[in-house]
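Structure first, then comments.
Please treat every number below as a calculation from the coordinates, not as lab data. The structure presented is a predicted model; accordingly, all values stated were derived computationally and were not measured. Ideal geometry is used to build each Cβ from the backbone, glycine not excepted, and the neighbour counts take in all protein chains shown.
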Amino acid sequence: MTVNDRRLRGIVIVGGGSAGWMAAAALSAVVNDGCTVTLIESEEIGTVGVGEATIPPIKVFNQTLGLDEAEFLRRTQGTFKLGIEFVDWARVGRRYFHPFGPHGMQFDAVPLHQYWLRGRTAPGAPALDEYAMAWAAASRGRFDKPSRDPRHIASTFDYAYHFDAGLYAAYLREVAQGRGVRRLEGRIVGVDLRGADGFVEAVRLADGRAVAGDLFIDCSGFRGLLIEGALHTGYEDWSDFLPCDRAMAVPSAPDGDPAPYTRSTARAAGWQWKIPLQHRVGNGYVYAGKYLSDDEAAATLLANLDGPALAEPRALRFVTGRRKRFWNRNVVALGLASGFMEPLESTSLHLVQSGISRLLALFPDRDFDPFVIDEYNRIGVNEYERIRDFLILHYKLTERADTPLWRACAAMDIPDTLARKIEHFRRYGRLVSEGPELFGNASWLAVHVGQLNWPQRHDPLADLRGVDGAAMLARQREAMVRAADAMPTHADFIARYCAAPRRP
C-alpha cells in the first residue's frame, strides 16, 4: 500500500442482529482487497428481533448476496407475503388490502382507478381490492410466482416474505463468515475518539482489547452506542405524528395453513400484527403508552391470538423518529441505531437494506469527503420523511372516534408534504409526489381509498376519452379470478418449494 493510497483498511460493525449481519454479508460480497471487515457482538446483549415481515425490495438484496430463495426460506421458516390486510382502521368493521403490485393492468392514458371511481357508486360495484391480482390470490389463500409475460394478468403483482429475523441473522452470519468476515465476541465499554477531528479511532471491549478501524457501522440498536453515545448526533422525534411508543410481542402456535399476507388490526390504543411463518405465528400489539398500560396491552394481545401463546409477551419501548445525521464523521448508523419507524408497513429491514445500498454507492476512502457524507444523509432524510408521511396517512385518515387515541389522530396536525397529497386525492383522486418514493402510487391509492378519503370527483379527462372503463375493469377482474383459482394454495407451494425441516 503506497503513501498516497487512501483506501479503507478496516471496517468495524458494532452489533449483530439483522442489521449487523446484513451489513456484514453485503460488505463481504464486495470488499476483499486489503480491507478487513470485523463484526463485534455480545451474547449478553439481546436483539429486538421482531421484524419478520418485509416488502418486495428484500428480494433484490438477497439476490445481490447470491442467496438461493428456496434455501433462504427453508433456513428462516419463511412464507410468502402478497400485501397487508388492514382491519378496523378507517372504522370498526371495515377491511381493506394494501397489495404488492398495481390495481389491474393499465388500459388507457387515464389511470385505471379513475374509471373505478367513476363507477364505484353503481349498485353492486366491486371494491377497489377486487381489481388487485395480489388480493385475488391472497383472499383465496393461494400463491405462485408472478408470470414473466407482461401481457398476462398474473404478471401484475409482486411479493415479499415473512421470516424469523433471528434465523435470518444466523443465516447471514454463516454467509458473511464464509466470505472472510471476522466475528468478535465481546461487550464494548469505551470508544476512543481521534483528537484532531473527533473521528472514532477504536472501540474498547470489556476484556481490554481495542478494535481499531477506518469506518465504523453502528448497529447497536436503540442506544446508538457510536452515533449517539460517542458522537452525540441528535435525534428528531416524530412522536407528535406517530403516537405509538411501545410494543408487546409474542409468538403463537400455527392456527392452520399460513395466509400469504400480513394482517394489521386496529385496537383501542394502537394496532395488532399477525405474521404467519412455517413454524409459528408472530404477533404484537403496537400501542401508545399514554393510553394503555403494559399489563393491559399484554392482556389484550393474549386475548386476541388465533392460537396458543408459545412464550410470555415481551415489551419494547421506542421513540419514532430518526438521527439528525445517519452518517456522522466516520460512523454510519443502520437499523434501530439510525431511527425507528413503527412496523406498520414492514419497512424496518428495508431501511437497513437501503442504508447499505447507499453506503456502497457512496463508498468512502479515508478522507471521508463531507460532500459524499452530505449526499448520503440527504437521500436518507428524504426516504425517512416520505415513509413517515405514508405511515401517518393511516392514522390521520380515520373516522374512528371511539377512543382517545383515534380522536387524537384524526385531529392532529400533519406535515405539509402529506396534507398536499391528501388534498389532491380528495379533490380529484390524483396521486402526486415530489419525486421517487419507496411506496408508489398503487400503495397510496390503496390506503387513501381504504381509509375512506373519497374524492369529490374523478379526473375530468376520463369523461372525454370515449373508453368503456366499466367493461375493461370487469374483464380484468374475471381474468384475475381465473388466474388465482389456477394457482396452488400457499401451503402447497411452500411444501413443494421451500418447506423447512420440522422442529421437534
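Mind giving me the FRET efficiency for ALA401 and THR265? R0 is 25 Å, r the Cβ-Cβ distance, nearest 0.05 is fine.
0.85
Loop-only trypsin sites (Lys or Arg not before Pro) in region 135-172, please: DSSP not H, G, I, E or B, and at most 13 other Cβ atoms within 10 Å.
Qualifying residues, ordered by number: ARG148, ARG151.
Counting only other residues whose beta carbon sits under 12 Å from that of ALA408, what net charge do I get with K and R as +1, D and E as -1?
+2
In nm, to one decimal, how far is the ASP257 label point from the ARG496 one, both placed 7 Å along Cα→Cβ?
Placing both labels 7 Å along Cα→Cβ, they lie 1.2 nm apart.
Report the gain in length on full extension from ASN441 to ARG95: 0.36 nm times residue separation, minus Cα-Cα distance, nm rounded to one decimal.
Gain on stretching ASN441 to ARG95: 122.6 nm.
Please work out the Cα center distance from region 13-41 to region 223-288, rounded to the nearest Å.
Region 13-41 and region 223-288 have Cα centres spaced 26 Å from each other.
Let me have the relative contact order for region 246-317, percent, based on Cα pairs under 8 Å that are six or more residues apart.
Once divided by the residue count of region 246-317, the mean separation gives 45 percent.
Using the 10 angstrom Cβ neighbour count as an exposure proxy, how do ASP164, ASP245, ASP218, ASP468 rank, fewest first?
Ascending number of Cβ neighbours within 10 Å: ASP468, ASP245, ASP164, ASP218.
Which FRET efficiency, nearest 0.05, do ASP33 and LEU193 yield, Cβ-Cβ r, R0 41 Å?
Rounded to the nearest 0.05, the efficiency is 0.90.
Quote the charge dipole size of region 272-383 about the Cα centre in Debye, to the nearest 20; the model charges only the Cβ of Lys and Arg (+1) and of Asp and Glu (-1).
200 debye
Residue separation times 0.36 nm, minus the C-alpha to C-alpha distance between LYS324 and MET412: what's the value?
29.3 nm
With each label point set 7 Å from Cα along the Cα-Cβ vector, what nm distance links ALA419 and ALA486?
According to this spin-label approximation, the distance is 5.0 nm.
Within the chain, how many Lys pairs sit with Cα atoms under 23 Å apart, leaving out pairs fewer than 8 places apart on the same chain?
9
What is the extension gain from ALA122 to ALA311, computed as 0.36 nm multiplied by their sequence separation minus the C-alpha to C-alpha distance, in nm to one decimal?
63.1 nm
How much of the pair distance distribution for region 147-197 lies past 18 Å, counting alpha-carbon pairs only, in percent?
The proportion of pairs with Cα distances above 18 Å equals 68 percent.
Using Cα-Cα distances under 8 Å and only pairs 6 or more residues apart, what relative contact order does the chain have, in percent?
Here the relative contact order equals 23 percent.
Please list the non-local residues whose amide H lies under 5 Å from the amide H of LEU8, H modeled 1.01 Å from N, same-chain partners needing a gap of 5 or more.
Here ARG366 satisfy the definition.
Please give the calculated 222 nm ellipticity per residue for the chain, where each DSSP H segment of at least 4 residues contributes -39500 (n - 2.57) and the sum is spread over every residue; nearest 500 deg cm²/dmol?
When only DSSP H runs of four or more count, the value is -10000 deg cm²/dmol.
Can you pull out the trypsin sites (Lys or Arg not before Pro) in region 224-300 that DSSP calls coil and that have at most 16 other Cβ atoms within 10 Å?
Hits after loop and neighbour filter: LYS290.
Looking only at GluC sites (Glu not before Pro) in DSSP loops with at most 10 other Cβ atoms within 10 Å, what is the longest site-free stretch of the chain?
It works out to 45-504.
Is the C-alpha gyration tensor of region 400-504 telling us rounded, prolate or oblate? Criteria: a/c under 1.5 is rounded; beyond that, a/b larger than b/c is prolate, otherwise oblate.
It is oblate, given that a/c is not under 1.5 and a/b is not larger than b/c.
In Å³ and rounded to a whole number, note down the convex hull volume per residue for the Cα atoms of region 1-145.
Looking at region 1-145, the number lands at 222 Å³ per residue.
State the Cα centre-to-centre distance between region 425-479 and region 368-390 in whole Å.
For region 425-479 versus region 368-390, the Cα centre distance is 30 Å.
With N denoting the number of residues in region 246-317, provide Rg(C-alpha) divided by 2.2 N^0.38 Å, to two decimal places.
So region 246-317 has a normalised radius of gyration of 1.04.
Label-point separation (nm) for GLU375 and SER357, each offset 7 Å from Cα along Cα-to-Cβ?
Each label point is offset 7 Å from its Cα along the Cβ direction, giving 1.7 nm.
Under 8 Å for C-alpha pairs, at least 6 residues apart: give me the relative contact order for region 42-129, rounded to a whole percent.
Answer for region 42-129 is 15 percent.
Which cross-chain or sequence-distant (5 or more) residues have an amide H under 5 Å from the amide H of ILE13, H modelled 1.01 Å from N in plane?
The list, which skips near neighbours in sequence, is THR38, LEU39, ILE40, ILE217.
Looking at the square roots a ≥ b ≥ c of the eigenvalues of the Cα gyration tensor of region 154-260, which shape do they give, rounded for a/c under 1.5, prolate if a/b is larger than b/c, or oblate?
Prolate, since a/c reaches 1.5 and a/b exceeds b/c.
For a paramagnetic label modelled at 7 Å from the Cα of ARG7 toward its Cβ, which residues of region 15-36 fall within the zone defined by backbone nitrogen distances under 11 Å?
Residues passing the 11 Å test: 31-36.
Based only on other Cβ atoms within 10 Å, what is the fewest-to-most ordering of LEU184, LEU349, LEU225?
With the fewest neighbours first, LEU184, LEU349, LEU225 line up as LEU184, LEU225, LEU349.
Report ³J(HN,Hα) in whole Hz for each residue of region 252-266, in order, from the Karplus equation J = 6.51 cos²θ - 1.76 cosθ + 1.60 where θ = phi - 60°; Gly and Pro get x.
9, 5, x, 10, x, 5, x, 6, x, 6, 8, 10, 10, 10, 5
Rank the residues CYS35, CYS409 as a footprinting-exposure proxy: fewest other Cβ atoms within 10 Å of their Cβ go first.
CYS35, CYS409
Give me the three principal axis extents of the chain from the C-alpha atoms, as integers in angstrom, largest value leading.
Computed over the chain, the largest-to-smallest principal extents equal 74, 52, 49 Å.
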